[in-house]
1. How tilted is helix 140-151 with respect to the longest principal axis of the chain? Cα atoms for both, answer in degrees (0 to 90, nearest 10).
2. Return one quarter of the surface area of the convex hull spanned by the alpha-carbon atoms of the chain, equal to its mean projected area, in nm².
3. Per DSSP H run of at least 4 residues, take -39500 (n - 2.57); add these up for the chain, divide by its residues and hand me the 222 nm value, nearest 500 deg cm²/dmol.
4. Averaged per residue, what accessible surface does the chain expose to a 1.4 Å probe, in Å²?
5. Got a sec? Charge dipole of the chain, +1 on Cβ for Lys and Arg, -1 for Asp and Glu; which of ILE163, VAL37, PRO2 is way out at the positive end?
6. How high is the relative contact order of the chain, in percent, with contacts defined as C-alpha pairs under 8 Å that are six or more residues apart?
7. Based on C-alpha coordinates, I'd like the Rg and Dmax of the range 222-265, in Å.
8. From the alpha carbon gyration tensor of the range 129-208, can you work out the equivalent ellipsoid semi-axes (sqrt of 5 times each eigenvalue) and give them in Å, largest to smallest?
Amino acid sequence: MPAQLLDGVALSKKIRTEIAARGAIVTAKGVRPGLAVIVVGENPASQVYVRNKVKACEDVGFHSVLERYSAELGEKELLARIATLNTDPAIHGILVQLPLPEHIAAERVLEAISPEKDVDGFHVANAGALMVGQPEFKPCTPYGCMKILESIDYPIRGARAVIVGASNIVGKPMAMLLLQAGATITICNSKTRDLAHHTKDADILVVATGKPKMITGDMVKTGAVVIDVGINRLPDGKLCGDIDFDAVRYIAGWITPVPGGVGPMTITMLLMNTLEAAEKASKPSSSL
C-alpha cells in the first residue's frame, strides 16, 4: 500500500479560508493586515517565492508591499528602509527574502526587523523565545509542518522524531516545536555517521538538507510520517525533494509530495503570522 499523501495545497486552502475570515474582521476594525516583502538582487528562485507570497496576500485580502532592489544596494540603505517599515502602522509583517548578496550581512538585517513584525520568526529574540516555548512568531516552515501533523491528528507525544538538517530556519526550530509537543528528538545532518540508523528509528521524519533524494526507501521506518522540506531542481528541469519519493512512498505511512507539500504551507503560515501581528495591533494598548 502506498503512503497517504499529505496534501499541502488542500490544507493551505482550508487554513487560508480561516485567515481571510479573520482578516476581514480585523480589517473592519480599521487594521488591514499588511506585509512588506523586500528582495535584493535577481536570484530566480527568490523572484518566484516573492511573487507567490505577494499573490497569497492579495488572495486573502491583505495589504502587501513588494520592494525590489538591485544587488548593488548597500547594507546601510537596506537597514534604513527596514527602520522606516518598523514604524509604519500599515505594515504588520516585514520579510526580507534570503539569500542576500554577499556584501550584506543577513544576521544584521534580520535583527534589524522589529520582533513584533518578524513574521518569518528569524529574529534572535524570537528564536530565544521559541527555545522557552513563548515565541512571538513560529518560523513559517516548521509551523507549517506542525499543521500538517495536526491535520492527521498524529500522536506526537511519545513519538520518536528525527530531523535531518540543523539550520536555524528549519531544523532547529522544527526540533523545538516537536520537543514542546512531547516528541523525543534526534537532530542529524548530512554528515551524521550511519544516518540510516537514526532515520529508520523515526516515527516522524523531517528532512531539510537541500540534497536531492538523499533519503532512500531503506532508510525509513515502515508506517512513518515523512515530511520532505527540500525542493531541488534536477538537470532535466523537474523538481524533487530530499527524499526519494518513488521508493519511500511504499514504506511510509504518510508522505508529503514535492511540490505541493510543505511549500504551500510555508506561505500559508506566513499569512497566519501576519494576521496575528495585525490582530495584536488592533487591540487597544492597556494604560497603566
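The values are calculated or read from the model by the stated rules, or taken from the named source; none is laboratory data. Keep in mind that what you see is a predicted model, and the values were worked out from it rather than measured. In this analysis, Cβ positions are derived from the backbone assuming ideal geometry, glycine residues included, and neighbour counts consider all displayed protein chains. Just so you know, the surface numbers come from the protein's heavy atoms only, side chains and all, with ligands and any DNA or RNA stripped out. Shrake-Rupley method; radii C 1.70, N 1.55, O 1.52, S 1.80 Å.
1. Helix 140-151 sits roughly 60 degrees off the main axis of the chain.
2. So the Cα hull casts an average projection of 16.1 nm².
3. Rounded to the nearest 500, the figure is -12500 deg cm²/dmol.
4. Result: 48 Å² of accessible area for each residue.
5. Of the candidates, PRO2 comes out farthest on the positive side.
6. 23 percent
7. 10.5, 31
8. Each semi-axis is the square root of five times an eigenvalue, giving 20, 15, 11 Å.
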